[in-house]
Amino acid sequence: MCTFFLKTGACKYGPTCKRAHIVPLVSETILVDQMFRDQYSRIKNVAKGFDDSLIEIDEEEVQKKYDEFYEDVLPEFEKYGKISQFKCCNNLVPHLRGNLYIQYVDVVSAIRAYIEMDNRFYAGYQIRIHFSLIKDWKQAICAYNGQACPKYSECNFLHVFRNPNGAYSLPFEGRSREKRTDGPRHHHQGGGQSGEHSRRDRDRSRSRTRERDRDDRRRKDRSSHRDRGSSRSPGRSRNRK
């Protein structure tokens, strides 16, 4: 069973994943694939494998566009029942970017939304809806949920947009969310130079830690051998007498 698909309803390997993807027949939660499409997601979709390492993204502009998207889309989905959660992904990885998760208070409302909205068009793109098993949002959403995430450019947990006026926010979303203030970001997809540097630093740190542990064990072994040798010496001298 694919744990990422179980937690987030999506997997970077898609249908080629070697682990089972369990898709429920019905659920309170629906997943709309890439419904929010900002300029960055359009580039990723049009040119697969596009070198995006030098693309600058104005986070404030993207958030403004998302706010407009939220105000436009939410009333449409509210027609089918009471919504308990409304989450949209701000990830950079293509299989999560722009995904919209809507959790209704009951299955009937989710089924009604699926029937009415699936295969419709929004902003020039056809809507694709699936049911999702997501119920534990704490397991689905990244513990950092933002730029402070050490794997931000390739994180497979959900990084979600901030809804206007804090709507549908969860208590844990506000913890450990330190945001850098160094202006527009230069994003590096997996394998980028900054990612390699960070991996090298981590590898060096682990290597130094292992070396220190080995040195400590050698010193302890030498000390214990000396202690055993000194404790045996008096006994041998008494026997010779």
Would you mind stating whether residue 46 is open to solvent by 80 Å² or more (accessible area, probe 1.4 Å), of a type in the set (A, V, I, L, M) and modelled with pLDDT of 95 or more?
no
Within the range 114-126, can one find any residue that is buried (at least 21 other Cβ atoms within 10 Å of the Cβ), in contact with a strand residue (DSSP E or B) (Cβ under 7 Å, 6 or more places away or on another chain), of a type outside the set (Val, Ile, Thr) and part of a loop (DSSP other than H, G, I, E, B)?
no
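Hey, any hits in the range 147-156 for a residue that's farther than 21 Å from residue 67 by Cβ, without any contact (Cβ under 8 Å) to a residue 60 or more places away in the chain, assigned to a loop (DSSP other than H, G, I, E, B) and hydrophobic (A, V, I, L, M, F, W, C)?
Checking the range 147-156: at least one residue is farther than 21 Å from residue 67 by Cβ, without any contact (Cβ under 8 Å) to a residue 60 or more places away in the chain, assigned to a loop (DSSP other than H, G, I, E, B) and hydrophobic (A, V, I, L, M, F, W, C).
Give me a count of the residues in the range 110-130 that are in contact (Cβ under 8 Å) with a residue 60 or more places away in the chain and within 15 Å of residue 75 (Cβ to Cβ). Talk me through it step by step, then tell me what you get.
The first filter runs over the range 110-130 and keeps only residues in contact (Cβ under 8 Å) with a residue 60 or more places away in the chain, leaving 110-111, 113-114, 117, 122-123, 125, 127-130.
Imposing the further condition that a residue be within 15 Å of residue 75 (Cβ to Cβ) reduces the set to 113, 117, 122.
Number satisfying all stated conditions: 3.
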Out of 108, 62, 93, 73, I need the residue that is at pLDDT below 95 and assigned to a helix (DSSP H, G or I). Which one?
62
Contacts under 7 angstrom Cβ, first residue in the range 3-27 being under 24 Å from residue 111 (Cα atoms), partner among the polar types (S, T, N, Q) and open to solvent by 60 Å² or more (accessible area, probe 1.4 Å), 6 or more apart:
7/139
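Out of curiosity, is residue 98 under 25 Å from the mean Cα position of the chain (by Cα) and modelled with pLDDT under 90?
On the way: under 25 Å from the mean Cα position of the chain (by Cα): yes; modelled with pLDDT under 90: no.
Here the answer is no, as residue 98 does not meet what is asked.
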Read through the list (1) of a type outside the set (A, V, I, L, M); (2) in a loop (DSSP other than H, G, I, E, B); (3) closer than 19 Å to residue 66 by Cβ, then give the number of the only condition that residue 135 fails.
(3)
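The values are calculated or read from the model by the stated rules, or taken from the named source; none is laboratory data. What you see is a predicted model, and the numbers here were worked out from it, not measured in a lab. Every residue, glycine as well, gets a Cβ built from its backbone with ideal geometry; the counts of neighbours run over all protein chains shown. Areas reflect the complete protein model, heavy atoms only, side chains present, ligands, DNA and RNA absent. Shrake-Rupley method; radii C 1.70, N 1.55, O 1.52, S 1.80 Å.
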